[in-house]
Amino acid sequence: MSAPLLELDRLAVRLPVHGELSTVIHDASFEIAAGEALGLVGESGSGKSMTARAIMRLLPPRAEISGSVSYLGQSVPGFSRSALRDFRATQIAMIYQDPRAHINPVRTNGDFLLEAMLAQGVRPAAARERAVGLLAQVGIADGGRRLRQYPHQMSGGQLQRIMIAAALVTSPRLLLADEPTTALDVTTQAEVMAILGDLRVERGLALLFITHDLDLAAAVTDRMAVMYAGMIVEIGSSQTIHQDALHPYTVGLLRSRPKIGSRARIWVIPGRPVSAFEAGPGCVFAARCPYATGRCRTERPGLREVERQLVACHRAEELKGSVSFSAEAAISD
Ligand SMILES: Nc1ncnc2c1ncn2[C@@H]1O[C@H](COP(=O)(O)OP(=O)(O)OP(=O)(O)O)[C@@H](O)[C@H]1O
Ligand code: SF4
Ligand SMILES: [Mg+2]
């Protein structure tokens, strides 16, 4: 079998917090095949962005990692300086939640878009022509005029399209999209998602789609990984997880937001999300799980195959179909 495009194997990341190294990612393992879209879903602070930064080798100074990140079978942490430059210039690109934070406000959109091409020795006229073509691909028809404008003259949605066009300049095979639509209104969100979907089909682009929105991830990805407190707690086909989630946290996430037209009760997961370094020695979700037992609090469950997905829960089989966060939820100890 050929190597996956990207493979994480027991990736752990530790960062200096208050002078001490604290774990922010625990043993994250997943792979992305060429052309595949994987959703990375979880609440704020669960470690989604840090995972993407580890893949790009853009971790904060003094970060320590263990486990492996491989791209086409090659170790990303082991890349030499020039191999890393090559990797970022030709294979992988990243787009972010807030494009304004990642674009220089005093330079034109054209300066931003043409930069990488000019650095590669492309002639200015050819670079401009290619930039206008890329802008058309992301739904900006008047590219020539837009290249002369500044970021403040663009709406959030237009600027996100420019970020996507800039990410495509180098024809990457893998796009890391970190909450690319969270800051946009619903209509623009749908348009940007449609653009990403078209690019996947037209270019065979693989996508790591980071979001806190499980419904959105289910709609646009092939598989998804659910992250909590720096750990992947469930991974499998997006459709299966959306319909038959096994991990109590995933079930809680799915049922804790309102549905249009439904009068069903909205669940609330008790407590607050914790960071990886605040989780105890057992299951990272134990403090909020109505089904936590003594074993859950002392023994950390690893991902294991249950039904058609991988799930990190000691009680996944017995709880299947019965998880509830209502007052009647069974509490056993
Ligand atoms: N520079 C840093 N130094 C130390 N800890 C950090 C740093 N950046 C993030 N963290 C911690 O790492 C953990 C994971 O953060 P991360 O940004 O990956 O979360 P996230 O899932 O992307 O959240 P959000 O949905 O809010 O973007 C959090 O506990 C956060 O406080
Ligand atoms: S391992 Fe225990 S605490 Fe963790 S999710 Fe499963 S039942 Fe809940
Ligand atoms: Mg983030």
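Can you work out which of the residues in region 34-71 that are under 26 Å from residue 305 (Cα atoms) and surrounded by fewer than 16 Cβ atoms within 10 Å (Cβ to Cβ) is nearest to ligand 1 (Cβ to nearest atom)?
The residue in question is 66.
Please enumerate the residues belonging to region 261-299 that are at pLDDT below 95, of a type outside the set (S, T, N, Q), within 16 Å of ligand 1 (Cβ to nearest atom) and part of a loop (DSSP other than H, G, I, E, B).
Listed by number, the residues that qualify are 269, 271, 272, 273, 274, 279, 280.
List the residue pairs whose Cβ atoms are under 8 Å apart, where the first residue sits in region 183-207 and is closer than 19 Å to residue 93 by Cβ, the second is of a type in the set (Ser, Thr, Tyr) and in a loop (DSSP other than H, G, I, E, B), and the two are 6 or more positions apart or on different chains.
192/181; 193/181; 203/171; 207/221
Out of region 196-214, which residues are of a type in the set (Val, Ile, Thr) and modelled with pLDDT under 90? Break it down stepwise before answering.
Initially, region 196-214 is screened for residues of a type in the set (Val, Ile, Thr), giving 201, 210-211.
Matches in region 196-214: 201 only.
Hey, among the residues in region 159-172 that are crowded, with 20+ Cβ neighbours inside 10 Å and not aliphatic (A, V, I, L, M), which one's farthest from residue 142 (Cα to Cα)?
My answer is 172.
Say whether the condition of being more than 16 Å from ligand 2 (Cβ to nearest atom), assigned to a loop (DSSP other than H, G, I, E, B) and at pLDDT 95 or above is met by at least one residue in region 18-31.
The first filter runs over region 18-31 and keeps only residues more than 16 Å from ligand 2 (Cβ to nearest atom), leaving 18-25, 28-31.
Now restrict to residues that are assigned to a loop (DSSP other than H, G, I, E, B): 18-19.
Then keep just the ones that are at pLDDT 95 or above; that gives none.
No, there is no match, as no residue in region 18-31 is more than 16 Å from ligand 2 (Cβ to nearest atom), assigned to a loop (DSSP other than H, G, I, E, B) and at pLDDT 95 or above.
Identify the residue in region 279-301 that is among the hydroxyl-bearing types (Ser, Thr, Tyr) and crowded, with 16+ Cβ neighbours inside 10 Å and, among all such residues, is nearest to ligand 3 (Cβ to nearest atom).
So in region 279-301, the residues among the hydroxyl-bearing types (Ser, Thr, Tyr) come out as 291, 293, 298.
Narrowing further to those that are crowded, with 16+ Cβ neighbours inside 10 Å: 291, 293.
Numbers: 291: 28, 293: 32 Å.
Only one residue fits best here, namely 291.
Which one is surrounded by the most Cβ atoms within 10 Å (Cβ to Cβ), of the residues in region 302-323 that are within 12 Å of ligand 2 (Cβ to nearest atom) and either under 17 Å from residue 242 (Cβ atoms) or among the aromatic types (Phe, Trp, Tyr) (or both)?
311
Would you pick out the residues in region 31-68 that are of a type outside the set (D, E, K, R), without any contact (Cβ under 8 Å) to a residue 60 or more places away in the chain and on the phi > 0 side of the Ramachandran plot?
67
For the subset of region 193-239 comprising residues that are polar (S, T, N, Q) and surrounded by fewer than 17 Cβ atoms within 10 Å (Cβ to Cβ), which member is farthest from residue 40 (Cα to Cα)? Don't jump to the end; show me each part of the working.
Residues of region 193-239 polar (S, T, N, Q): 211, 221, 237-239.
When the remaining residues are screened for being surrounded by fewer than 17 Cβ atoms within 10 Å (Cβ to Cβ), the result is 237, 239.
Numbers: 237: 12, 239: 14 Å.
Taking the candidates together, the pick is 239.
Given (1) within 16 Å of ligand 3 (Cβ to nearest atom); (2) buried (at least 18 other Cβ atoms within 10 Å of the Cβ), where does residue 101 come up short, assuming only one miss?
(2)
Cβ contacts < 9 Å: first residue in contact (Cβ under 8 Å) with a residue 60 or more places away in the chain, restricted to region 310-325; second residue among the basic types (Lys, Arg) and assigned to a loop (DSSP other than H, G, I, E, B), any location; separation 6+ or different chain. Result?
If the second residue must be among the basic types (Lys, Arg) and assigned to a loop (DSSP other than H, G, I, E, B), the pairs left are 312/300.
Just checking, how many residues over region 61-120 are over 19 Å from residue 157 (Cα atoms), assigned to a helix (DSSP H, G or I) and not charged (D, E, K, R)?
Total meeting the criteria: 11.
Of a type outside the set (A, V, I, L, M, F, W, C), away from ligand 3 (no atom under 15 Å from the Cβ) and touching a residue at least 60 places away in the same chain (Cβ under 8 Å): which single residue out of 71, 96 fits that description? Working first, answer last.
Working: 96 fails: away from ligand 3 (no atom under 15 Å from the Cβ).
From the options 71, 96, the qualifying one is 71.
Residue 87 versus (1) under 29 Å from residue 250 (Cβ atoms); (2) free of Cβ contacts under 8 Å to residues at least 60 places away in the same chain: which is the lone unmet condition?
(1)
Hey, any hits in region 165-176 for a residue that's at pLDDT 90 or above, within 19 Å of the chain's Cα centre (by Cα) and on the phi > 0 side of the Ramachandran plot?
Scanning region 165-176, I find no residue that is at pLDDT 90 or above, within 19 Å of the chain's Cα centre (by Cα) and on the phi > 0 side of the Ramachandran plot, so the answer is no.
Output the number of the condition that residue 121 fails; it satisfies all remaining conditions of (1) surrounded by 16 or more Cβ atoms within 10 Å (Cβ to Cβ); (2) without any contact (Cβ under 8 Å) to a residue 40 or more places away in the chain.
Looking at each condition in turn, residue 121 falls short on (1).
The values are calculated or read from the model by the stated rules, or taken from the named source; none is laboratory data. Since this is a predicted model, take the numbers as computed values, not measurements. Note: ideal-geometry Cβ built from the backbone for every residue, glycine included; neighbour counts use all protein chains shown.
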